[in-house]
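First the structure, in the form of structure tokens, and then the observations on it.
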Amino acid sequence: MKKLLLKQASYNYLENAFKEWLDILGFVQATVYSLPTAVREFLYYLEQNNVNQINQLNHQHIKDYYSYLISRTNQKQGGALSTNYINHHFWALEKFFEFLHHKGTRNLPEVNLKRLKIQTLEREILTQEEVKELYGIVENQECQTQKQEALNYQDKVLLTIYYGCGLRRSEGININIDDINFDTRVLHVKKGKYS
């Protein structure tokens, strides 16, 4: 929603001041960027509904925005918005109202948005036979070209890193060649889940 243009100068000011406030508080850059972008969508929604000053806001506007997000379609992929996307917007609004209170804005309604429950998929764990079959497929693929041979080798490396070393997706993505000690055959995971 970064392409939405706000007409009200006061809304542009609030979005920028919110961004600076997040930065001063030490939020990571991704959050400093994404929360104001989500708030911009809220402010744009208010403008479209003739709420041109933040002090005109009431609880019904927040409830209506909640309903709007739940029913809005995903403009990039079609279908509904993801639960994570909607919950991110709710978090952005909570932080924005915290900022407004900190700034001294009075008579704002409470933001009591109930976060949506995230459905988690049950993990399916491969058996040893299935993993051996994956390794077998990589080992036994015929290589017509040098490119295909390189891809097979890449698949084998990925299997070894993720399965053989038991790494999480994010840990594997952050591995550099310098993290491998070829003499001792040790892989150093420098960007693990809790590091």
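A compact table of results
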item: Tabulated pairs, the stretch 99-111, first open to solvent by 100 Å² or more (accessible area, probe 1.4 Å), second of a type in the set (S, T, N, Q), C-beta under 9 angstrom, 6+ apart or interchain; result: Arg106/Asn55; Asn107/Asn55
item: Flag if Gly26 is at positive phi and at pLDDT below 90; result: no
item: Criterion: more than 21 Å from the chain's Cα centre (by Cα) and under 19 Å from Pro109 (Cα atoms) - qualifying residue of Gln53, Gln48; result: Gln53
item: Of residues in the stretch 63-81 being aliphatic (A, V, I, L, M) and out of contact with any Leu (no Cβ under 7 Å at 6 or more places or on another chain), the one surrounded by the most Cβ atoms within 10 Å (Cβ to Cβ); result: Ala80
item: Residues being under 27 Å from Gln77 (Cβ atoms) and at pLDDT 90 or above - total across the stretch 1-23; result: 2
item: Residue that is nearest to the chain's Cα centre (by Cα) [pool: residues in the stretch 142-168 that are open to solvent by 70 Å² or more (accessible area, probe 1.4 Å) and of a type in the set (Ser, Thr, Tyr)]; result: Tyr162
item: Filtered residue count, the stretch 170-195, keeping only those that are open to solvent by 60 Å² or more (accessible area, probe 1.4 Å) and either at pLDDT below 80 or of a type in the set (Phe, Trp, Tyr) (or both); result: 6
item: Matching residues, the stretch 75-113, being of a type in the set (A, V, I, L, M, F, W, C) and not in a helix (DSSP H, G or I); result: Ala80, Leu81, Leu108, Val111, Leu113
item: Neighbours by Cβ (under 7 Å, 6+ apart or cross-chain): first from the stretch 114-135, at pLDDT 65 or above; second surrounded by 10 or more Cβ atoms within 10 Å (Cβ to Cβ); result: Val131/Tyr163; Leu134/Leu159; Tyr135/Leu159
item: Cβ pairs under 6 Å, 6+ apart, first in the stretch 14-40 and within 15 Å of His88 (Cβ to Cβ) and among the aromatic types (Phe, Trp, Tyr), second at pLDDT 95 or above and open to solvent by 10 Å² or more (accessible area, probe 1.4 Å); result: none
item: Scan of the stretch 18-30 for residues that are open to solvent by 20 Å² or more (accessible area, probe 1.4 Å) and either in a helix (DSSP H, G or I) or in contact with a Gly (Cβ under 6 Å, 6 or more places away or on another chain) (or both), ordered by number; result: Lys19, Glu20, Trp21, Asp23, Ile24, Leu25, Gln29, Ala30
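The values are calculated or read from the model by the stated rules, or taken from the named source; none is laboratory data. Treat the numbers as computed from the prediction; the structure is a model and nothing was measured. All Cβ positions, glycine included, derive from the backbone under ideal geometry; neighbour counts span all protein chains shown. Keep in mind that these areas ignore ligands, DNA and RNA; they rest on the heavy atoms of the full protein, side chains included. Shrake-Rupley method; radii C 1.70, N 1.55, O 1.52, S 1.80 Å.
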